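Worksheet: one structure, shown below.
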Amino acid sequence: MSQAPPEMAPTINPKLIVPFVNAVRSVFAKMVGVQTTLERPHVKTFPAPTYDVSSIIGFSGDVIGSVVVSFQRAAAEKLVEAFAGMAIAYDSPDFADAVGELANMIAGGAKKHLGHAAAITVPSVILGAGHVIARLSDVPCIVIPGTTPVGAFALEISIKQLKAPQVNDN
Amino acid sequence: MKVLLVDDSRTMRNIQKKVMEQFGPMEFSEAADGVEALSVIAATPQGFELILIDWNMPHMDGHTLVLRIREKDKLTPLIMVTTESEKQRVVDAIKAGVNNYVIKPFTPDQLIGRVKQTLEKRKAAA
């Protein structure tokens, strides 16, 4: 009787990670005025809470799945203040708008390198500690932890390329 | 200068306002999507001297908005300000009728530079 093959651990494809790393650095440097330090990516192996404030962007077309940018609340408040040029109350619709726009620029910046027919959704924002985000079950979630001078954040990338880009648009 | 800002993010519109105010006295109107922008344009018979347009918006996207504006108005300078950075997207926007293109994220100098360039070209063509 043949044995079932051992379950393969999900691997991290650098081609999916690097565009997001570059986009995060660019968005935070140009629009927020802070430098970011990104740590080694790892695979999120079980459904676990993100930080307190999360913005979710969906991908469709050549790339499917979602990307979440999640912040500690204190970090989100400081980063939004720096981005918008003024303090915005946590429970104001403008706070979610600002967090969503940061995620939109990160996902949009990375998208170019992922597939010509890739499209992104408008961002959805979740506020509240301990929330858990469900994802496609057959796509691993890769977490890139990050820090800024005002607190921590994480990028959670759970996308699958259906068709790789054929031409480099540099 | 009368400027219309079209972006579904109010934060982004506010940032654009702050950057544009460095350029000179401004009178801003705002819209959160293409449909609202067409209403604002229709309600402003004297027109705008510049319109900044995001690409990805609910109800009507920026590309469609540019096509709709250009059906009647070939002159008002239009600048697409968007995260869409693929070469084909830029080509599509120019074919639709935008005069310039700014990729988010942008620095204040980048946005101001494109605005100046666009207005100077329009002035030279007049």
- Relative contact order of chain B: what whole-number percent is it, with Cα pairs under 8 angstrom and at least 6 residues apart? 22
- Query: Which cross-chain or sequence-distant (5 or more) residues have an amide H under 5 Å from the amide H of A:S66, H modelled 1.01 Å from N in plane?
  - Reply: A:F59, A:S158, A:I159
- Query: Where in segment B:71-85 does the label zone of B:K123 land, with the point 7 angstrom along Cα→C-beta and an amide N cut-off under 17 Å?
  - Reply: B:76-78
- Taking a ≥ b ≥ c as the square roots of the eigenvalues of the Cα gyration tensor of the protein assembly as shown, is the shape rounded (a/c under 1.5), prolate (a/b larger than b/c) or oblate? prolate
- Cα-centre dipole for segment A:55-170 with unit charges at Cβ (Lys and Arg positive, Asp and Glu negative), debye to 20: 360
- Item | C-alpha long axis of helix A:93-111 to longest principal axis of chain A, angle in ° | 40
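About the Cα centre, and with charges only on the beta carbon of Lys, Arg (+1) and Asp, Glu (-1), how big is the dipole of the protein assembly as shown? Nearest 20 debye, please.
On the way: 30 positive and 30 negative charges, 176 e Å.
That gives a dipole near 840 debye.
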- Under a Cβ-Cβ cut-off of 12 Å, what is the net charge of the residues other than A:P123 that fall near it, where Lys and Arg count +1 and Asp and Glu count -1? -3
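Tally Lys and Arg at +1 and Asp and Glu at -1 over the other residues with C-beta under 12 Å from the C-beta of A:L79: what net charge comes out? The partial results should precede the final answer.
Details: positive: A:R73, A:K78; negative: A:E77, A:E81, A:E101.
Here the charged neighbours net out to -1.
Could you grab the Rg to Rh ratio for chain B? Cα atoms only, Kirkwood for Rh. Display every interim value, and only then the final one.
Working: Rg = 13.1 Å, Rh = 14.3 Å.
A ratio of 0.91.
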- Task: For A:A119 and A:N13, compute 0.36 nm times the residue count separating them, minus their Cα-Cα distance, and round to one decimal in nm.
- Result: 36.2 nm
- Query: Under a 5 Å amide H to amide H cut-off, with H placed in plane at 1.01 Å, what residues pair with B:E30 once short-range neighbours are removed?
  - Reply: B:L5
- Message: Through the Karplus equation 6.51 cos²θ - 1.76 cosθ + 1.60, θ set to phi - 60°, convert the phi angles of segment A:64-73 into ³J(HN,Hα) values in whole Hz; use x for Gly and Pro.
- Response: 10, x, 8, 10, 10, 10, 10, 10, 5, 4
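Looking at this model, which pairs from A:K78/B:K104; A:K30/B:K87; A:K160/B:K87; A:K163/B:K72; A:K112/B:K123; A:K78/B:K116 are more than 28 angstrom apart at the alpha-carbon? Could you put the intermediate results ahead of the total?
Numbers: A:K78/B:K104 21 Å; A:K30/B:K87 21 Å; A:K160/B:K87 23 Å; A:K163/B:K72 39 Å; A:K112/B:K123 34 Å; A:K78/B:K116 32 Å.
Beyond 28 Å: A:K163/B:K72; A:K112/B:K123; A:K78/B:K116.
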- Output row, site A:E39, 7 Å Cα→C-beta label point, backbone N cut-off 18 Å, window segment A:76-103, residues A:76
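Classify segment A:1-148 as rounded, prolate or oblate, taking a ≥ b ≥ c as the square roots of the eigenvalues of its Cα gyration tensor: rounded when a/c is under 1.5, otherwise prolate if a/b is larger than b/c and oblate if not. Don't skip to the end; give the middle numbers.
Working: a/c = 1.97, a/b = 1.67, b/c = 1.18.
Because a/c hits 1.5 or more and a/b exceeds b/c, segment A:1-148 counts as prolate.
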- Note on the structure: Fewest-first ordering of A:V18, A:V139 by Cβ atoms within 10 Å yields A:V18, A:V139
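Answer rounded, prolate or oblate for segment B:83-126, using the Cα gyration tensor with square roots of eigenvalues a ≥ b ≥ c: rounded when a/c is under 1.5, else prolate when a/b is larger than b/c, else oblate.
It comes out oblate by the Cα gyration axes.
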- Task: Work out the mean other chain Cβ neighbour count within 10 Å for the residues of B:6-14 and drop it here as an integer.
- Result: 6
- Note on the structure: The ³J(HN,Hα) series, computed from each phi in segment A:74-81 with the Karplus coefficients 6.51, -1.76 and 1.60 at θ = phi - 60°, rounded to the nearest Hz and given as x for glycine or proline, is 4, 5, 4, 4, 5, 5, 5, 4
- Average projection area in nm² (convex hull over Cα atoms of segment B:50-102, one quarter of hull surface): 3.3
- Under the definition of partner shielding as Cβ atoms of other protein chains within 10 Å of a residue Cβ, what is the mean value for peptide A:124-137? 0
- Run the dipole for segment B:59-126 about the Cα centre, Lys and Arg Cβ at +1, Asp and Glu Cβ at -1, nothing else charged, and hand back the magnitude in debye, nearest 20. 260
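Where a number appears in this text, it was derived from the coordinates with a stated rule and is not lab data. Please read all numbers here as calculations on a predicted model, not as lab measurements. Virtual Cβ from ideal backbone geometry, glycine too; neighbours counted across all protein chains shown.
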